[in-house]
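Structure first, then comments.
The values are calculated or read from the model by the stated rules, or taken from the named source; none is laboratory data. If you're wondering where the values come from, they're calculated on a predicted model, not measured in any experiment. With ideal geometry, Cβ positions are generated from the backbone for all residues, glycine too; neighbour counts draw on all protein chains shown. SASA here: full protein model, heavy atoms, side chains in, ligands and nucleic acids out. Shrake-Rupley method; radii C 1.70, N 1.55, O 1.52, S 1.80 Å.
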Amino acid sequence: MLETHRIASGYGRMTILRDIDIRVDDGEVVAIVGANGAGKTTLVRTICGLITPTAGTIVKDGTDLTAIPTHRRVKHGISVVLENRRLWGELTVRENLRLAEAHGRSGGKQRLTYQDITKLFPIIAERQSGAVELLSGGEQQMVAIARALLMQPDLLIMDEPSTGLAPKIVKEILKVLAGLRARGISLLLVEQDVSLVAGIADRGYVMSVGRIVHQIDRGQWQGFLSDEKLVKAYLGG
Ligand code: ATP
């Protein structure tokens, strides 16, 4: 579904990412883990088109997306929830979600309706007429995910879902997200706290200083987590 080939990218003349090769297959949940400053957010911004790579390619379903802008990547089925969520705070929950419905992917398969979203996150129906800025952090995260999903992606990318939220809420959210596999939506989860994603991700990549330094294959999460030296070296844990 998604493959990056030897991506290099950064800010101005400063190269942050080097030789990034990652892959997300149909229906997979893939995690990218790494310590603060490893380059995870830079990778998300590069995959969704907010930063243009200086080398390498990003291919989705056989189409080279490397040079196309973010809004057109949405049309290719990529939706992203950025760390700061970027919701319209003064608009209501429903208004935020209507904007997503209007600007989402057309021509793709409709995987989720607003009704489906309210079943996944009942709080959204309860708060639909309230301004987003009055919601708690966890509720805002749910609205941000709902907005991304109503753009009808087949690949959802999430940057640091745990930021600023209680682990219990993050776990609830991740459980809902993992269930999206059944609807044909793959997930790329970028997260500093490896213990949060280990339970739901099929595979993983460990980033350190702008490179992929380790791969976690199917069934290998426990082995990785119990290797104290490896965890300490790459995640500082
Ligand atoms: P965090 O968990 O802290 O968000 P991260 O793994 O997502 O970390 P990035 O935010 O991608 O890491 O940062 C990687 C490197 O890029 C860091 O050295 C950071 O200082 C640098 N960096 C990030 N944003 C910018 C920017 N806008 N301009 C210049 N350098 C930046």
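At least 2 residues being on the phi > 0 side of the Ramachandran plot, in contact (Cβ under 8 Å) with a residue 24 or more places away in the chain and surrounded by fewer than 16 Cβ atoms within 10 Å (Cβ to Cβ) is the threshold, and among the helices (runs of 4 or more DSSP H) wholly inside region 93-166 not one reaches it.
Scanning region 195-237 for residues that are β-branched (Val, Ile, Thr), surrounded by 15 or more Cβ atoms within 10 Å (Cβ to Cβ) and at pLDDT 90 or above gives 197, 200, 206, 212, 213, 216.
Selection of region 8-40 for residues being near the ligand (Cβ under 9 Å from one of its atoms) and either open to solvent by 50 Å² or more (accessible area, probe 1.4 Å) or out of contact with any strand residue (DSSP E or B) (no Cβ under 6 Å at 6 or more places or on another chain) (or both) yields 11, 12, 14, 35, 36, 37. Restricting attention to region 83-96, the residues that are in contact with a helix residue (DSSP H, G or I) (Cβ under 7 Å, 6 or more places away or on another chain), within 17 Å of residue 141 (Cβ to Cβ) and not polar (S, T, N, Q) add up to 7.
Against the test of being surrounded by 14 or more Cβ atoms within 10 Å (Cβ to Cβ) and hydroxyl-bearing (Ser, Thr, Tyr), the options 52, 66 yield a single qualifying residue, 66.
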